[in-house]
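Notes follow the structure.
Coordinate-derived values only; no laboratory data. This structure is a prediction, so every number in the text was calculated from the model and none was measured. Because the Cβ atoms are built from the backbone with ideal geometry, glycine has one as well, and the counts that use them run over all protein chains shown.
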Amino acid sequence: MGEAGGGSPDKRELDLTELEVAFDRAITKNHIWMAFQPIVHANQPKTLFGYEALMRSRDPQLVHVGLILDAAERLERTTQLGRMARAQVATEFSKATAERGLVFVNLHVRDLFDPTLTSPFSGLTRIARRVVLEITERTSLEGIEGLADRVAELREIGYAIAVDDLGGGHARMGHLTPLDTDFVKLDMSLVRDLDSHPVKQRLVKEVVSLCRESGVRVIGEGVETQPEADSLRDLGCDYLQGYLIARPGPPFVDPV
Ligand code: G
Ligand code: MN
């Protein structure tokens with residue numbers, strides 16, 4: 001790792017010590033911040049339903065969030081990073097008026113059991129009734145011991161649950177079942193060019209109808225064009241999120 005020959009000095013991968021210095025600086029200098037992207041009602045796209053909180057970096061070395069996440073993995077500090085992100089979300093959203101709706105927060109599967117999620121002393125716990133925890137379909141949820149009980153406990157406290165990235169990448173839709181969920185977020189690969197893609201339309205229609213039967217609400221992600229938004233609405237999708245409505249930005253951008 002890191003010593004594949006030929007790279008110029010500034011392009012080579014940082015060693016662990018350098019990475020730790022960079023990561024510590026990013027954290028202590030507040031180079032990691034949370035952006036918020038609006039989620040709107042599909043049939044009333046100017047009406048806000050909530051926001052997804054998305055981690056962003058303004059660090060000069062770990063210049064984008066992918067590098068921050070990789071650094072956290074390599075340094076085994078993902079728990080710290082996740083807690084910091086959730087604390088920032090709580091700080092911003094506890095100041096937000098009720099019209100800002102719900103805040104959707106990405107949660108890595110391994111953070112599901114983090115005690116700070118349920119601690120009465122953590123900021124997010126205090127606003128749990130306004131928080132939707134997004135758990136990605138990209139990591140297998142199968143066979144996680146105690147998953148159903150933990151999800152039940154989180155919902156008891158007031159959190160809602162969303163399955164993120166449904167239908168994306170190698171995710172198998174069968175994984176939907178182990179999680180008792182309130183929302184499903186359609187991966188943007190399903191949304192892209194939906195209006196001219198009959199197979200995607202059938203898939204979305206099936207997902208929406210399955211969700212309807214169990215009272216699960218559906219969000220279309222990564223909506224970039226008006227025809228995509230119209231198709232999602234016509235197929236029964238409840239909410240929309242994507243560049244067409246607004247890019248992620250500092251708290252709080254309004255839908256355009
Ligand atoms: O995995 P998750 O669904 O949480 O990832 C959301 C990511 O998608 C964010 O990084 C966000 O910036 C990006 N995103 C949000 N809206 C759009 C969009 O309309 N188009 C594209 N290409 N990306 C988007
Ligand atoms: Mn997400």
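Yes/no per residue for (1) within 25 Å of V216 (Cβ to Cβ); (2) within 16 Å of ligand 1 (Cβ to nearest atom); (3) among the aliphatic types (A, V, I, L, M):
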{"site": "F93", "(1), (2), (3)": "yes, no, no"}
{"site": "E99", "(1), (2), (3)": "yes, no, no"}
{"site": "D111", "(1), (2), (3)": "yes, yes, no"}
{"site": "F121", "(1), (2), (3)": "no, no, no"}
{"site": "L124", "(1), (2), (3)": "yes, no, yes"}
{"site": "E134", "(1), (2), (3)": "yes, yes, no"}
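Taking the listed residues V207, V151, V216, the one that is of a type in the set (V, I, T) and either within 16 Å of ligand 2 (Cβ to nearest atom) or closer than 24 Å to R100 by Cα (or both) is V216, with no other qualifying.
Would you please name the residue that is nearest to the chain's Cα centre (by Cα), looking only at residues in segment 28-53 that are surrounded by fewer than 17 Cβ atoms within 10 Å (Cβ to Cβ) and under 20 Å from V105 (Cβ atoms)?
The qualifying residue nearest to the chain's Cα centre (by Cα) is W33.
Tell me, please, whether a residue that is under 17 Å from the mean Cα position of the chain (by Cα), in contact (Cβ under 8 Å) with a residue 24 or more places away in the chain and buried (at least 17 other Cβ atoms within 10 Å of the Cβ) can be found in segment 194-214. Among the residues of segment 194-214, not one is under 17 Å from the mean Cα position of the chain (by Cα), in contact (Cβ under 8 Å) with a residue 24 or more places away in the chain and buried (at least 17 other Cβ atoms within 10 Å of the Cβ), which makes the answer no. The set of residues from segment 215-236 being more than 18 Å from the chain's Cα centre (by Cα) and part of a loop (DSSP other than H, G, I, E, B) comprises G215, T225, L235, G236. Applying the set (1) of a type outside the set (S, T, N, Q); (2) surrounded by 13 or more Cβ atoms within 10 Å (Cβ to Cβ); (3) outside any loop (DSSP other than H, G, I, E, B) to E73 leaves exactly one unmet item: (2). Among the residues of segment 132-148, those that are within 14 Å of T181 (Cβ to Cβ) and either touching a strand residue (DSSP E or B) at 6+ places or on another chain (Cβ under 6 Å) or outside any loop (DSSP other than H, G, I, E, B) (or both) comprise V132, L133, E134, I135, T136, E137, L147, A148. Candidates L67, L62: the one that is closer than 23 Å to D15 by Cβ and in a helix (DSSP H, G or I) is L67.
Contact map, segment 21-42: residues that are in a loop (DSSP other than H, G, I, E, B) paired with residues that are of a type in the set (A, V, I, L, M, F, W, C), Cβ distance under 9 Å, separation 6+ or inter-chain. Pairs shown: H31/L62; H31/I68; A42/V218; A42/I219; A42/A229; A42/L232; A42/C237; A42/L240. Could you check segment 227-241 and list, in sequence order, the residues that are surrounded by 16 or more Cβ atoms within 10 Å (Cβ to Cβ) and either of a type in the set (D, E) or touching a residue at least 60 places away in the same chain (Cβ under 8 Å) (or both)? The answer is E228, A229, L232, R233, C237, D238, Y239, L240, Q241.
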